[in-house]
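Participant: Below: one structure in structure tokens.
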């Protein structure tokens with residue numbers, strides 16, 4: 001795991017299976033910038049237009065691989081999802097990172 005900047009507060013949590021995870025939170029701009037440094041800030045746009053802000057006109061299906069999931073499995077899932085959406089007559093647009101972060 002990458003170093004966590006000091007402005008990002010953390011709590012280590014012991015899981016039932018004996019492993020440990022980290023929960024983080026911030027109180028100020030320095031903490032927010034620390035999250036940015038960690039590449040932990042992800043913006044999800046409101047999925048509606050200004051003309052009809054209360055009605056979403058799209059859905060985002062975010063395929064984030066969990067621990068131990070190979071990249072090839074993510075690709076396989078994305079292609080299967082594409083095929084299901086296409087069979088349902090729904091329009092779809094892939095959004096992929098420019099470069100995959102190393103694991």
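Participant: Does region 33-56 contain any residue that is surrounded by 10 or more Cβ atoms within 10 Å (Cβ to Cβ), at pLDDT 90 or above and in a loop (DSSP other than H, G, I, E, B)?
Facilitator: No, that holds for no residue.
Participant: Restricting to region 9-32, name every residue that is over 27 Å from residue 95 (Cβ atoms), in contact with a helix residue (DSSP H, G or I) (Cβ under 8 Å, 6 or more places away or on another chain) and surrounded by 11 or more Cβ atoms within 10 Å (Cβ to Cβ).
Facilitator: 9
Participant: Something else now. Could you tell me how many of the residues in region 14-40 are at negative phi and either in contact (Cβ under 8 Å) with a residue 12 or more places away in the chain or assigned by TED's automatic domain parsing to the domain that holds residue 78 (or both)?
Facilitator: Qualifying residue count for the region: 15.
Participant: Of all residues in region 1-32, count the ones that are closer than 19 Å to residue 67 by Cβ, within 21 Å of the chain's Cα centre (by Cα) and assigned to a loop (DSSP other than H, G, I, E, B).
Facilitator: The qualifying residues number 3.
Participant: Can you tell me which residue among 63, 81 is without any contact (Cβ under 8 Å) to a residue 40 or more places away in the chain, surrounded by 10 or more Cβ atoms within 10 Å (Cβ to Cβ), touching a helix residue (DSSP H, G or I) at 6+ places or on another chain (Cβ under 9 Å) and within 22 Å of residue 93 (Cβ to Cβ)?
Facilitator: Values: 81 fails: touching a helix residue (DSSP H, G or I) at 6+ places or on another chain (Cβ under 9 Å).
Every option except 63 fails the conditions.
The values are calculated or read from the model by the stated rules, or taken from the named source; none is laboratory data. Computed from a predicted structure; not experimentally measured. Neighbour counts run over all protein chains shown; Cβ positions are idealised from the backbone, glycine included.
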